1. Can you say whether ARG201 is over 27 Å from THR106 (Cβ atoms) and charged (D, E, K, R), as far as the supplied structure shows?
2. Among the residues of the range 160-176, is any of a type in the set (Ser, Thr, Tyr), surrounded by 20 or more Cβ atoms within 10 Å (Cβ to Cβ) and part of a loop (DSSP other than H, G, I, E, B)?
3. It is to be established whether one or more residues within the range 118-132 are modelled with pLDDT of 90 or more and of a type in the set (A, V, I, L, M).
4. For the range 171-184, does any single residue satisfy the condition of being over 17 Å from the mean Cα position of the chain (by Cα) and either free of Cβ contacts under 8 Å to residues at least 12 places away in the same chain or under 21 Å from CYS263 (Cβ atoms) (or both)?
5. Which fully enclosed helices (runs of 4 or more DSSP H) of the range 178-282 have 1 or more residues being open to solvent by less than 50 Å² (accessible area, probe 1.4 Å) and of a type in the set (S, T, N, Q)?
Amino acid sequence: MPISSSSHVFEFKMTILRLALLTAVTIMSCSALLCHPCSTCTRPTIPIQQMTSSVTRASSAGQLSRTQLQSAISVVEGTERDLSLLGDWATHFGIVGSEGFGLEPTFASYGHNNDNQNWAAKAIQAMPKDHPVLQVPANIILSSAVVRQELGDSIEPALQYLETKGISHQRGQFLLFCKMLLEYEKEDQSYWCAWMNSLPRSFYTAVSMDDFEISCLPPFLYSLSMMDRIHFSVFLEALQTVNIFQKDETLQDMNLLKWAFNCVYTRCWGLDEDRCDIVPMADMFDHAWPSNILVE
């Protein structure tokens, strides 16, 4: 996927070449990546190596410090993203970024205060062709195939419901939707807690729009937006057919449900209905054209 940042555009397109379970996902530069300093950025680019803080480094026991993790992540729209523990988390779970990989707040060049909402991957120094940019171990990737194995027969009624509604091709996304909700329930006990706390709370998607905003869209975008709304509604109905959650409020919290749905649909990759993945840290790459990043 590409990267669009403040006064320049980096075009990083992720092309999924593997669907089999591998030991890691490696992101390579398929063309030379150039770094152009941005004179209008209001916040600095953060190299992944500098995202760790001495207060929250992994302890000798091999566990991330939880002193600064909230017991529950706020998913209310407008809540500021918290990237303070993301570097520790990435290092602890074996995510390796090259010296040229960093994160940068976006849209700053347009004069907007994005309230720490928009961050994207950026080449902070020039990198040659075929240079590894980022490696993510398979055991930290959220995969719909793995989620289905974890849930077993307990999720089958919901998957059958999707089929009766004619959207069985969305079952990969639905499984990831369930996974996000299940991990949210675990609060700071989830392996993905620090990553989830770094995700956006504000989205500009169909399920986040009101009826008036939807009605203002041109016909083709309107039809796509209504399809997303239908998928969301059917997902909620499908959740009522299973008993996989520990807390009753999980199915009643519309902010949480919309947040999980938006995270999946803005971050998952997949080539067929049987396998969709969310690759933490690699989900920071934005879309643009033409591509200059390759996923192996």
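The values are calculated or read from the model by the stated rules, or taken from the named source; none is laboratory data. All of these numbers come straight from a predicted model, not from anything done at the bench. Here Cβ is always computed from backbone atoms with ideal geometry, including for glycine, and neighbour counts include all displayed protein chains. For accessibility, only protein heavy atoms count, side chains too; no ligands or nucleic acids. Shrake-Rupley method; radii C 1.70, N 1.55, O 1.52, S 1.80 Å.
1. When the stated conditions are applied, ARG201 does not pass them.
2. So far as the range 160-176 goes, no, none of its residues is of a type in the set (Ser, Thr, Tyr), surrounded by 20 or more Cβ atoms within 10 Å (Cβ to Cβ) and part of a loop (DSSP other than H, G, I, E, B).
3. no
4. Yes: the range 171-184 contains one or more residues that are over 17 Å from the mean Cα position of the chain (by Cα) and either free of Cβ contacts under 8 Å to residues at least 12 places away in the same chain or under 21 Å from CYS263 (Cβ atoms) (or both).
5. The helices (runs of 4 or more DSSP H) meeting that bar are 193-197, 219-239, 254-267.
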